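Below is one structure, written out as structure tokens; comments come after it.
The values are calculated or read from the model by the stated rules, or taken from the named source; none is laboratory data. If you're wondering where the values come from, they're calculated on a predicted model, not measured in any experiment. Please note: Cβ atoms are built from the backbone with ideal geometry, for glycine as well, and neighbour counts cover all protein chains shown. With ligands, DNA and RNA removed, areas are computed over all heavy atoms of the protein, side chains included. Shrake-Rupley method; radii C 1.70, N 1.55, O 1.52, S 1.80 Å.
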Amino acid sequence: MSSSIATAPDPSGWFGRFGGRFVPETLVAALDQLDAAWAEASEDSTFLTELDGLLRDYVGRPTPLTDTPRLSAHAGGAAIWLKREDLAHTGAHKINNTIGQVLLARRMGKHRIIAETGAGQHGVATATACARFGLVCEVYMGAEDVRRQALNVFRMRMLGAVVHEVEDGSCTLKDATNAAMRDWMGSVETTHYVLGSVVGPHPFPLIVRSLQAVIGREARSQCLERIGHLPDHIVACVGGGSNAAGIFYPFLDDEEVSLIGVEAGGSSLEIGHHAASLGCGTPGVLHGSRSYVLQDSDGQTADVHSCSAGLDYPGVGPEHSWWKELGRATYMSVSDDEAIEAFQLLCSLEGILPALESSHAIAAALQIARELDSSQIVLVNLSGRGDKDVVEARTLMEEESVHGSPPQK
């Protein structure tokens with residue numbers, strides 16, 4: 001494998017033919033400022049020491065590695081292990097990124113923070129970081145996601161954030177991102193946009209992946225210490241793709257480790273019924289960068305669907321698009337029903353309540369493990385916990401009649 005795979009993007013923000021910047025002129029200066037600030041901060045020992053201290057003492061890193069003997073026995077093949085991002089402060093991996101970006105905003109002298117959110121975990125994590133440092137926080141969230149993630153909306157408001165309910169379009173993550181971008185265009189002098197995934201114009205994909213790569217660095221050393229070797233397969237859900245990029249990146253040069261991203265297959269793979277951008281999309285431009293996008297023949301962004309608000313997005317990060325084309329990572333999809341079944345299985349067999357996003361990765365891991373022997377290891381990035389999803393999951397189970405008796409003890 002070419003050593004350049006781990007050094008991308010190039011100075012203009014391109015991962016092969018993906019990435020770049022496709023933005024109005026009003027954002028160019030702000031992105032240049034952000035690029036320069038990140039380049040300086042990422043080499044500054046004072047900044048890195050403060051970030052590491054916060055990740056350790058505030059976020060609770062390192063998060064543990066957990067084996068799942070009963071889930072593995074249920075699969076009947078490889079051993080399944082979990083990287084427990086659900087145990088990080090606020091209940092998901094999102095805090096790794098927001099703490100770093102809020103530190104960067106403070107360094108740039110910007111004291112108003114905006115963010116978009118789908119499942120609400122990025123909004124909660126952004127509000128948390130702003131509360132920690134006394135910054136103004138405003139979060140944009142689609143009205144449909146406000147409905148199905150009411151607990152996280154309440155958490156954000158408790159943390160002092162203003163939550164703007166977006167009524168445009170499908171009222172989900174894409175529309176919340178559009179609204180946040182519009183806000184930023186009119187407030188760049190005083191505002192930093194804490195983008196929540198490895199999407200958007202350069203340097204956001206680089207910054208978010210770099211901040212989330214702590215997951216993979218920890219997982220790599222933990223596997224060597226606990227298991228004695230690297231995992232055979234790493235599985236992570238992919239919406240925009242930040243948790244997957246974070247765990248995949250430190251393993252890029254380990255060619256013996258397969259990297260498997262799991263997209264939302266929704267209710268079917270007909271257009272408008274899923275959110276599998278890498279599996280079903282084509283290259284296009286969305287929210288400021290070129291990547292795989294779900295779109296029609298005229299380039300209009302398609303409607304998407306997932307039971308999981310955090311995967312309900314019609315695009316994906318440009319680095320994932322590049323890894324797909326290189327063949328370094330492979331991508332599959334899991335349906336709503338399969339994810340909900342995995343949600344129940346991990347609860348009943350291991351006493352761990354996963355987010356519906358993470359349940360897609362669990363469902364895929366079960367499928368993969370069944371085809372392997374017991375000597376192999378499948379490591380799943382459990383990107384978040386499922387407290388936020390309990391009410392929605394119950395509704396979905398009742399509607400789809402998938403709620404059966406839990407597996408026998």
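What does the charge count near S170 come to, summing +1 for each Lys or Arg and -1 for each Asp or Glu among other residues with Cβ under 9 Å from its Cβ? After counting each charged neighbour, the total is -4.
Using the Stokes-Einstein relation with a Kirkwood hydrodynamic radius computed over Cα pairs, the translational diffusion coefficient of the range 1-90 at 25 °C and a viscosity of 0.890 mPa s comes to 140 µm²/s.
All C-alpha pair distances within the range 309-357, sorted into 5 Å bins from zero, spread as 5, 16, 19, 18, 16, 15, 9, 2 percent across the bins. The convex hull of the Cα atoms of the range 201-326, projected and averaged over all directions, covers 8.0 nm². Label positions at S375 and R106, each projected 7 Å from the Cα along the C-beta direction, are separated by 5.1 nm. Near the amide H of V380, within less than 5 Å, lie the amide hydrogens of W81, L82, K83, V235, all on another chain or at least 5 residues away, with H placed in the peptide plane. Spread over its residues, the convex hull of the C-alpha atoms of the range 148-258 is 159 Å³ per residue.
With all protein chains kept in place, the per residue accessible area of the range 63-128 amounts to 22 square angstrom at a probe of 1.4 angstrom.
Here, the chain is characterised by an Rg to Rh ratio of 0.94, where Rg is the alpha-carbon radius of gyration and Rh the Kirkwood radius. Close amide H pairs (under 5 Å, H built 1.01 Å from N) link I352 with C347, residues at least 5 positions away or on another chain. What the phi angles of the range 7-22 give under the Karplus curve with 6.51, -1.76 and 1.60, with θ = phi - 60°, is a coupling list of 10, 5, x, 6, x, 8, x, 9, 9, x, 9, 10, x, x, 9, 10 Hz, glycine and proline written as x. For the chain, which whole-number percentage of the solvent-accessible area (1.4 Å probe, protein heavy atoms only) is attributable to carbon and sulfur atoms? Result for the chain: 50 percent of the exposed heavy-atom area is carbon or sulfur. Using only alpha carbons, the range 272-409 has a radius of gyration to Kirkwood radius ratio (Rg to Rh) of 1.01.
Here the mean projected area of the convex hull built on the C-alpha positions of the range 89-195 is 5.8 nm². Once both labels are positioned 7 Å from their Cα atoms along Cα-to-Cβ, the gap between E256 and V390 label points is 4.3 nm. Taking L252, L326, L294 as the candidate residues, the one with maximal mean-square fluctuation in a Gaussian network model of the chain, Cα springs under 10 Å, is L326. Positive contributions from Lys and Arg (+1) and negative ones from Asp and Glu (-1), summed over other residues with Cβ under 13 Å from the Cβ of R112, come out at -1.
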